[in-house]
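The values are calculated or read from the model by the stated rules, or taken from the named source; none is laboratory data. Just so it is clear, the model here is predicted, and its values are computed rather than measured. As a convention, Cβ positions derive from the backbone with ideal geometry for all residues, glycine included, and neighbour counts pool all protein chains shown. Calculation scope for accessible area: heavy atoms of the full protein, side chains included, ligands and nucleic acids excluded. Shrake-Rupley method; radii C 1.70, N 1.55, O 1.52, S 1.80 Å.
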Amino acid sequence: MQVRFWGTRGSIAKAGPSTVRYGGNTSCVEVRTASGAVLVLDCGTGAHGLGQALVREQGAARRGHVLISHTHWDHIQGLPFFAPLFQPGNEWHVYGPQGLGRSLRDVLAGQMEYTYFPITPAEFSANLAYHDLVEGSFEVDDIRVTTQYLNHPALTLAYRIEADGVTLVYATDHEPHLARLADGGTPPHGGEDEKHGRFLADADLVIHDTQYTAEEYPRYRGWGHSTLEYVVDLARAGSVRRLAMFHHDPNRHDDALDQLVARARARAHADPIDVLAAAEGPVLEIPRRRSAVAPLPSIPAATVTACQAEPAERTVLIAVDDARVSATLQAAAAADGLRILAACDTASALRVIRDARPSLVLAARDLEGGGGPALCRSVRDDQDSYGAEVPLVIVAAAAAVEGSMTSDAGVTDWLALPCSEIYARTRIRAWCLRRACRWRQVPKPADEPARLQALHGLHLAPEPEERFDRHTRIAAALFNVPIALINLIDDEHQWTKSNHGCPLAPVPRDMSFCARTILGPDVLEISDVWNHEFGDNPMSHGDLSVRFYAGVALTAPDGHRVGSLCLVDDHPRRLDERQRGLLRDLARVIERELAR
Ligand SMILES: [Zn+2]
Ligand SMILES: [Zn+2]
């Protein structure tokens with residue numbers, strides 16, 4: 001894989017004698033795989049030079065993919081000047097975060113309105129396709145791309161790109177969720193910062209926003225940018241091989257950037273990380289890794305672009321008794337046109353969830369009459385009354401958030417106070433959009449930590465075993481289905497212990513149907529997946545084509561549900577009562593095998 005920087009600057013282009021070495025253009029990175037696929041990461045002013053170079057190359061520029069992190073000016077202003085888009089016969093795909101209400105295409109067209117620009121998007125003569133993204137994975141040519149939301153005052157995606165046996169992460173315009181991490185250090189377990197660290201981990205090259213230093217940060221808190229201390233420490237913890245500091249502050253001249261690099265290298269010196277500051281011009285070769293590394297979990301070829309499930313109306317319950325915090329959150333939700341419900345104590349919040357079924361709940365940790373975590377437990381324990389899916393976010397002071405991350409099961413996320421309205425707005429957007437792909441929001445069961453312990457206590461080998469395979473064979477014959485599986489659900493993945501009719505690599509828990517099955521004791525039957533909320537799950541359209549699903553939880557000897565026995569077919573069907581009974585019976589037999 002080859003990487004070349006065409007723009008490295010943040011916020012605004014800064015041409016001049018003081019930025020000659022690292023470059024003055026805003027964000028634009030060219031990536032090429034061995035097969036010749038072309039990816040463009042962001043289209044800041046650097047895209048002009050890249051576009052000219054691609055056009056000169058003729059054949060190679062016919063087809064490519066532009067991945068936009070977010071639509072702030074410094075990441076899109078080069079798009080109307082990107083020459084390959086004006087060449088008839090070219091095929092270009094533009095990807096970026098899906099907004100609430102407005103499509104990526106409309107947002108990008110906004111900067112080309114008559115008042116600001118003489119050319120309209122209609123004049124792009126290349127064949128152009130826009131793809132609205134949420135979090136997930138998809139494939140373009142021979143490249144696998146995984147996305148994750150960043151912390152920035154606009155909905156922003158980081159991209160993890162895997163091709164040619166190497167991994168590149170592009171994460172720019174991101175601020176630590178917990179402000180104390182701007183000084184560096186280890187993120188607390190279970191929070192968004194830890195999740196971000198995992199997203200970078202084990203990459204061969206990480207290109208990351210390092211606009212500020214720890215000393216500068218307090219003046220720019222909430223602007224949505226990282227410090228080099230935060231980034232270097234995450235890279236060290238994640239065994240990243242090479243780190244390219246990026247999104248250079250426009251006030252930072254070349255000599256000052258040299259000092260910044262020296263500082264980052266000193267901080268990383270104990271670890272074998274190659275730290276550099278991104279500079280316009282030279283081509284970076286990322287060699288295929290020689291030493292054996294743990295393979296990343298395989299994600300089925302799936303496209304999560306354009307999540308169709310756009311509910312007509314979204315409702316947010318804000319159960320926060322502090323009037324000022326509540327007002328900030330309400331203003332943030334109102335700015336995106338969400339309908340707002342309010343509650344000032346735990347009992348009335350529960351009533352609202354039961355009666356109005358909001359699409360998102362924000363609850364104060366110390367809410368009167370029980371508090372957010374207790375509210376969460378009630379909701380998760382009684383899914384018949386409150387629904388299985390509502391994302392529940394606990395709002396608390398930063399210090400309290402850190403304390404509760406490990407202990408509060410069933411919580412979707414935390415919102416640390418104090419926070420600005422624009423910060424809250426971006427987070428609320430992300431939670432709503434994650435929910436838009438409803439299959440992604442399978443909550444974890446209330447007994448999750450003990451459940452994982454029970455699963456690991458079974459000491460099951462990952463390899464297939466005849467003593468399980470005979471049961472999936474029997475199940476397939478008994479129910480006349482092409483596929484029968486025994487799946488185990490661990491912290492992040494579904495592992496297939498036995499498969500009849502389909503070899504299945506581990507899939508992310510988000511995508512697993514069985515992760516939903518283990519939430520209840522009884523058979524989960526989806527007679528027609530395409531007409532169910534799982535319809536936009538990639539598993540229902542990929543090679544596997546899950547149209548019918550029926551699963552029943554498998555319980556470990558100590559009573560925790562660790563996995564499921566499931567049946568899959570490629571056309572809709574329905575089990576009768578006798579068949580549901582047989583499925584339960586078979587699960588009990590398999591459980592005895594699990595216990596052995
Ligand atoms: Zn930026
Ligand atoms: Zn930005």
- prompt: Of all the accessible heavy-atom surface of the chain, with the other protein chains kept in place and a 1.4 Å probe, what percent is carbon and sulfur?
  reply: 51 percent
- request: Evaluate E = 1/(1 + (r/R0)^6) for HIS459 and ASP585, where r is the Cβ-Cβ distance and R0 equals 30 Å; express this FRET efficiency to the nearest 0.05.
  value: 0.70
query: Using the Cα atoms of the range 112-223 to build a convex hull, what is its mean projected area in square nanometres?
result: 10.1 nm²
Label point at ASP258 placed 7 Å out along Cα→Cβ; residues across the range 8-33 whose backbone nitrogen lies under 20 Å: 8-9, 15-25
- request: Quickly estimate the mean residue ellipticity at 222 nm for the chain, helices only: each DSSP H run with n ≥ 4 gives -39500 (n - 2.57), and the total goes over all residues, rounded to 500.
  value: -8000 deg cm²/dmol
Spin-label pair ALA335/GLU368, simplified geometry with 7 Å Cα→Cβ offset, distance in nm: 2.9 nm
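With a 1.4 Å probe and all protein chains left in place, how much accessible area per residue does the chain have, in Å²? Before the final figure, lay out the partial values.
Numbers: 23910 Å² over 596 residues.
Per-residue accessible area for the chain comes out at 40 Å².
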- prompt: If one computes P(r) from the Cα atoms of the range 146-204, what percent of pairs lie at distances over 18 Å?
  reply: 36 percent
query: At q = 0.06, 0.09, 0.10 Å⁻¹, what is the log10 ratio I(q)/I(0) for the chain, with the Debye formula run over Cα points and no solvent?
result: -0.33, -0.76, -0.93
- prompt: Can you pull the accessible area of GLU368 for me, 1.4 Å probe, Å² to the nearest 10?
  reply: 120 Å²
field: Semi-axis lengths, Å, the range 83-142, gyration tensor of Cα atoms, sqrt of 5 times eigenvalues
entry: 22, 18, 6
Extended-chain gain in nm, criterion 0.36 nm per residue less alpha-carbon gap, ASN251 and GLU216: 11.4 nm
message: I'd like the distance between the alpha-carbon centres of the range 13-67 and the range 340-396, rounded to an integer number of Å.
response: 48 Å
- line: By the Cα gyration tensor axes a ≥ b ≥ c (a/c under 1.5 gives rounded; else a/b larger than b/c gives prolate, otherwise oblate), the shape of the range 483-596 is oblate
